[in-house]
Each structure stands twice: as structure tokens, then as C-alpha cells.
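J.: Submitted below is the structure of interest, expressed as C-alpha cells.
A short reminder: the numbers here are calculations on the coordinates, not readings from a lab. What you see is a predicted model, and the numbers here were worked out from it, not measured in a lab. So basically every Cβ, Gly included, is an ideal-geometry build from the backbone, and we count neighbours across all protein chains shown.
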Amino acid sequence: MAQSSAITNLGNQKPEQFRRDVARGIDHLVSNIRRLDAAAQRASNDGDEATASLLGNFADEEAAKVLILLDAVRCPQSDQRARARTLKRWSSHLWKGIYTRACHWRPANLSDVASYVEYEMQPFYLDGPRDADWIFRNEINSERERKIYVDLVADFTKTGKDSHKPYWTTPQDFTSSFGGYRSSNCVEVALALHAHGIASERGLKHVAAIWHPIDPETINLPDLLAYVNETLSAVRLDSEAETAEETDLPSPSPLANWPFPLWSVAEPAKIKQSEFELPDALREDRDAELRRIRQLQGMKESPPEVSRDKVLEMDAAFARVEDEWNKRIAAHPSPRSRLPILSRDVDLDVSETEAWLSLRCRWRGLSEGERVSLVALAWFSRGPISDWPRAVRLAQEKTDIHSALAEHYYLGLGGDWLKGLDRWELPADHERMSGGWR
């Protein structure tokens, strides 16, 4: 006989039975989380990062289910509609992804949380080097599928003869071996809630008593941490199980990442379209934004007040300073790592070297307009959009352009002076792409 999940009806039980079933369910979830998390770590240690990523994603989803159950407990018993809505998230990959990401957020209040949730639930979004170049499917859903499946992916950005051909993707395409696997914040929060007894039947009674009277709309981040601490303290005073011995939350405690109560955040009403039905309005928004960007990129009425020859001269002087830094770093190799790991006794201060003094002398020989232009060019080189008027305005607003104290910072921009000038000289219709411009 086919079985269906009774999770959505869990909240209809009497409080004692509800907490008993939730505690039992969390025990099972935690066992599975530990198994998946440990298997992911073993796969990573063996060099199989694709499998580690897959198993880690499953561990995240199980951990998110712990947070969903606890959110249902934090929801007042009188608000059965909100509790039922929360428990329905158990089967939603999108909502489990939101709970996972919520453990990384640092919102100021519930209004911020609601805006984050609305953003994460969009069926499509714009992104790219200029934040509007391409159209992508919902990131949580697509990222999850990429870790699991081989797929033939369509390009939503353009249609007709301008559209790109579909392309195949595999889990290995989206796996990075850099750093290896580590447990997510969501996994650590779920395990910590269980280890401290908060997810036990006794603990859940305290969770209900402390959180039911709280209106999530009225709390900010410090309040949230205070309520988490109050919950932990109440459970420790009453618990018969062995728990950690700390008297308060240590600053790196995973419990500090327990999210705001999401039971009060409903799915945004305006998100109606299917994630497989791209609205034409989004393409229109993209085209309008790209037109605005191209117009902005063409606004170059005020040329830099520093000549190309002068920029090249300053660039060469800065390159000699970089050589000094690189020599000092190379003199302290790290045999156990590809990356240089420098101890505190490594002297990287080049401010008394001949190269630095020469660069500083050249800087002090520039006019105020030339200095402002160099700073503007450096900032202009970094932005995703070629907004020259803004770069100049910000540089002109710096009242300490002649300050000796700020001089070190301005000279540190030297690696971007020539990049900024090269970018300024490009035609307005060239788009900046990753790795350069075209």
C-alpha cells in the first residue's frame, strides 16, 4: 500500500503528543544527518568532491527539516494555519534550501528576513558581470539539481535565432575541490540544538513556553540571540540529560546561527508564475536595464586629467613596489601548502625601500587633478558597470587627497590605475565580462 507523509497533520495533535513526536523525529533526523555528513567527509578525504557535495546537500536538507520542526514548535498553538503552513515546507526542496541559507543570514529584523525569502523564492533572476546579463532559474532549485543529475539545460536569456543551443551539465561541472568538504552552518545548528537538549521532549516544552508569547515582528538580531540564550539556559536548568557546560553562548557557537522564526513568513503572494514558464516581462526588464547600462557607459564627457604617459610611468613605479613585496613573500615558502602562509615575523613593510620612496615622490609631484583622476580610474576599473561620472564624483569628494595619512591607501591602488584607463578608452558598447572586456 502506498504511504504518504502525515507530517502536515502533525500539528493537529495535543501539545504533549506533538512535542513527543517532534522529538522522536528529530532523533531520527540527527542520526541520518551524522551518517550523511560523515560519509560526505570521507568522500572528500578520498578526493571525490562531487559525491561529497551530493551527500552534504542531503545532510543540509535533513538538517533543514530539524529547523522546520522546531519552527512549528516555536509557532503559537493558537495559530494553526501558520503551523500547518510551516510543516508543509517539509516536502519543499525550495523551502529546505531557504532554511539552510537562513543559517548564514545576519538580518536586522523580520522585515529583512521576509525580503531575503522573497528574493530566494523568485522563479527566475537576473545576474552576470553587470547583474543583468543573463536570466537564470531559481538558484536553490537549480543548484540542488546540478549536484544530483546530468541534465540538458536551456538558455532562457534569449529566444528565437538569438538563443543559444541547450548544453549538457554534470555534477562534476559544479564541484570545486578547493578546501574540501565542511559541514554547513545548518548541519551544525541542527546538531547543536540536539546536543544541548533543546530538541528533546523536555527541551521542546521550554521552546514552546519561551517562544509562543514572542511576536517575531518585534524582535531584532540582539533580541533573537537573547531568546536563544534564554532557551538554552532554561533547558540546562531542567534537563536530566548531559549537555554542554558553558553558562552562555560562546561567540562561535552554532546556536548563534539558529534563524529567526520563519513560521511567520508566508510565501510572497506576488510569486505566481511557474519556474518553467519564463514571463516575457523579465526579458523586457533585462533589455531595459542593459539599455540603461549602455547609456551610462557612454557618459565620458569629463576625461581623466592625467595623461596616458603619466599613468604608464606611475604603473611602472608601482610594479617595482610589487616586485619588492613578491621577493619577500617568495623568501618564506610554505612547504606544506601551495599558498604562502606567512607568520607575523615576516616583514612586508616596503615603505622605506627605494621603490616605495620613488613611487611616493612621483605621487607627490602630481597635481590635485591628476591624483583625483588616478583614484577615480582605480575605482572605475573595479565596478561591474562602467560608471565614470560616479567614480569621478566619489574621488572628488575625498577631502584628504593630499593627506600623508591616506597616501598609503591611494598608492595601494596602483595595480588598478592602468586597468581603469584601458577601460575608459573602450567604446561605450563594449561589455565587461569576467576576465576582461569585450
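J.: Which order do the peptides 367-380, 30-43 come out in when sorted by mean C-beta neighbours inside 10 angstrom, highest first?
T.: So the order, starting with the most tightly packed, is 367-380, 30-43.
J.: 5 Å is the cut-off here: which amide hydrogens, built 1.01 Å from N in the peptide plane, fall below it relative to Val153, excluding neighbours closer than 5 in sequence?
T.: Tyr167, Trp168, Thr169
J.: Taking the simple approach of a point 7 Å from Cα along Cα-to-Cβ for both Ser78 and Asp238, what is their distance in nm?
T.: Spacing of the two 7 Å Cα→Cβ label points: 2.0 nm.
J.: Ratio of Rg to Rh for segment 7-264, alpha carbon only, Kirkwood?
T.: Numbers: Rg = 19.8 Å, Rh = 19.7 Å.
Rg/Rh: 1.01.
J.: Let me have the relative contact order for segment 7-264, percent, based on Cα pairs under 8 Å that are six or more residues apart.
T.: It rounds to 25 percent for segment 7-264.
J.: With a 10 Å radius around each residue's Cβ, average the other Cβ atoms per peptide and rank 68-81, 253-266, highest first.
T.: Ranking, from highest mean packing down: 253-266, 68-81.
J.: Under a Cβ-Cβ cut-off of 14 Å, what is the net charge of the residues other than Leu152 that fall near it, where Lys and Arg count +1 and Asp and Glu count -1?
T.: -1
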